[in-house]
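K.L.:
Structure provided below as structure tokens; questions to follow.
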Amino acid sequence: MRTKITDIATYLPEKVVTNDDLSKNLDTSHEWIYTRTGIESRHISSEDEVTSTLAIEATRKLMQQSSIEPMDLDAIIVSTTTGDTRFPSCACKVQGAIGACRAFAFDVNAACAGFIYALAVADSMMKSMKLRKVLLIASETITKFVDWTDRSTCVLFGDGAGAMLLEATENGDTGIIATKLYANGEDEKYNSILAHNGEQNGNRGYITMAGRTVFKYAIDYMAMSMKEILDENNMSMDDIDWIIPHQANRRILESMCKMRDFPLDKVIITTQEHANTSSASIPLALRDALDKGKVKQGDTLLFTALGAGLTWGSAIVKI
Ligand code: UT7
């Protein structure tokens, strides 16, 4: 049995904020943000929108475009690091909103690598528990956790959600081929270079980041995990149609390709319109690439991400 991604829908908040908009109230410029990150604009959730709102919107779209009924779902798994509340989980809120009362539901938190973690968890559970249909969502309102006076972080992030239908298939030629996960939280330095600290911001705390250090880890660790997953599965970059990485910064992706001799023309990049949406960035990029006719049914995709923890990993999926 294989786990196949059979459909995907996304939701982006209506409000779009450009670099020029940010530079009106912050000592920054479109030039600085664009040349350092590749970001031109980002979607920002309204005060009324929380992470579950985005997740539910993406799910409703998925339900409309696929033939799936809420009662068909065996489980709902949400990747998020920005849940509305410590508990209940965002997944339970989605389950209640759509009336998927047969489904069990829980959240996965692995920061920006959360989608790959959640995909691996879903795949394993589908196999071990013989589940047939699982709703996998990555939803984030990370802009609610930035200090809007800190120009080194606030310009980097955006909000969004992607909802995927995972179905069990007996067709061994398609679906999730492999997943590989890593974490290193042992060393204090890993916990301090990218974190969410303090009790300000209504007890939510703010994101703090040592940008240059994270930049280097992102290149090294994403490249290392891609190489290891390909080697372990007797595959090479020639077997991959598209790399869909976490969309933190265009320069990270360009540097990684240059340093490791990876093909940049095989990399899907949506940083310009979405910015860094944490764990939602890969599903958002996949939907965008499908809509633009880049990714096609039958393509083999390599997902990779790195996030706070540090957490990182890769997945190979034939869609
Ligand atoms: O999703 C989780 C993973 N996160 C990431 O992968 C992010 C990784 N890091 C990065 O993307 C980059 O390090 C940043 C985009 C965050 C920063 O780029 P950088 O080239 O590493 O810049 P820097 O932090 O070294 O700052 C260079 C200069 C500093 O000024 P001085 O000290 O040289 O005078 C900063 O104060 O740029 C200044 N600066 C800004 N200037 C205008 C920092 N932020 C801004 C800003 N606008 N928004």
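K.L.:
Taking the full set of protein chains and a 1.4 angstrom probe, give the accessible area of MET259 in square angstrom, rounded to the nearest 10.
P.N.:
Its accessible surface works out to 120 Å², give or take rounding.
K.L.:
Same structure again: From the protein chains alone at 1.4 Å, what is the descending order of accessible area for CYS112, CYS92, largest first?
P.N.:
CYS92, CYS112
K.L.:
Over all directions, how big on average is the projection of the convex hull of the alpha-carbon atoms in the range 204-314, in square nanometres?
P.N.:
So the mean shadow area of the Cα hull is 7.5 nm².
K.L.:
If r is the Cβ-Cβ distance from MET224 to MET71 and R0 is 45 Å, what FRET efficiency results, to the nearest 0.05?
P.N.:
My answer for the efficiency is 0.60.
K.L.:
Same structure, new question: Going 7 Å from the Cα of GLU254 along its beta-carbon direction, which residues of the range 23-48 have the amide nitrogen within less than 11 Å of the resulting point?
P.N.:
Counting only backbone N, you get 34-39.
K.L.:
What does the charge count near ILE282 come to, summing +1 for each Lys or Arg and -1 for each Asp or Glu among other residues with Cβ under 12 Å from its Cβ?
P.N.:
Its environment carries a net charge of -1.
K.L.:
Using a 7 Å offset from the Cα along the Cα-to-Cβ direction at both THR208 and THR18, what is the distance between the two label points in nm, to one decimal?
P.N.:
3.5
K.L.:
For the range 25-41 and the range 250-268, what is the centre-to-centre distance using only Cα atoms, to the nearest Å?
P.N.:
21
K.L.:
A further question follows. Give me the base-10 log of I(q)/I(0) for the chain at each q in 0.07, 0.09, 0.11, 0.15 Å⁻¹, Debye formula, one uniform scatterer per Cα, rounded to two decimals.
P.N.:
Cα-only, vacuum Debye calculation for the chain: -0.24, -0.41, -0.63, -1.22.
K.L.:
Using a 10 Å cut-off on Cβ atoms, rank the peptides 283-295, 204-216 from the highest mean neighbour count down.
P.N.:
Ranked from most to least packed, the peptides come out as 283-295, 204-216.
K.L.:
Note down, for the range 72-160, the three equivalent ellipsoid semi-axes (square root of 5 times each alpha carbon gyration tensor eigenvalue), biggest first, whole angstrom.
P.N.:
28, 14, 9
K.L.:
Using a 1.4 Å probe on the protein chains only, how many percent of the accessible area of the range 2-169 belongs to carbon and sulfur?
P.N.:
With neighbouring chains kept in place, the figure for the range 2-169 is 50 percent.
K.L.:
Using only C-alpha positions, report the orientation-averaged shadow area of the convex hull of the range 242-285, nm², one decimal.
P.N.:
Approximately 2.7 nm², given one-decimal rounding.
K.L.:
Over 29 Å between Cα atoms: which of LYS15/LYS133; LYS180/LYS266; LYS130/LYS266 fall into that group?
P.N.:
Check vs 29 Å cut-off fails for LYS15/LYS133; LYS130/LYS266.
K.L.:
In the range 188-319, what percent of the accessible surface is made up of carbon and sulfur (1.4 Å probe, ligands and nucleic acids excluded)?
P.N.:
Answer for the range 188-319: carbon and sulfur cover 46 percent of the accessible area.
K.L.:
Moving on to the next point. Could you work out the helix-only [θ] at 222 nm for the chain, with each DSSP H run of four or more residues adding -39,500 (n - 2.57) and the total divided by the number of residues, to the nearest 500 deg cm²/dmol?
P.N.:
Calculated mean residue ellipticity at 222 nm is -10000 deg cm²/dmol.
K.L.:
Does a label point 7 Å from the Cα of ASP27, set along Cα-to-beta-carbon, have any residues of the range 130-167 with amide nitrogen under 13 Å, and which are they?
P.N.:
Answer for this model: 149-152.
K.L.:
Any chance you could run the full-extension gain for ALA178 through ARG102? It's 0.36 nm times the residue separation minus the Cα-Cα distance, nm to one decimal.
P.N.:
Between ALA178 and ARG102, full extension yields an extra 24.6 nm.
The values are calculated or read from the model by the stated rules, or taken from the named source; none is laboratory data. What you are looking at is a predicted structure, and each value in this text was computed from that prediction instead of being measured. Using ideal geometry, Cβ is built from the backbone for each residue, glycine included, and neighbour counts are taken over all protein chains shown. These area figures cover heavy atoms from the full protein model, side chains too; ligands, DNA and RNA do not enter into them. Shrake-Rupley method; radii C 1.70, N 1.55, O 1.52, S 1.80 Å.
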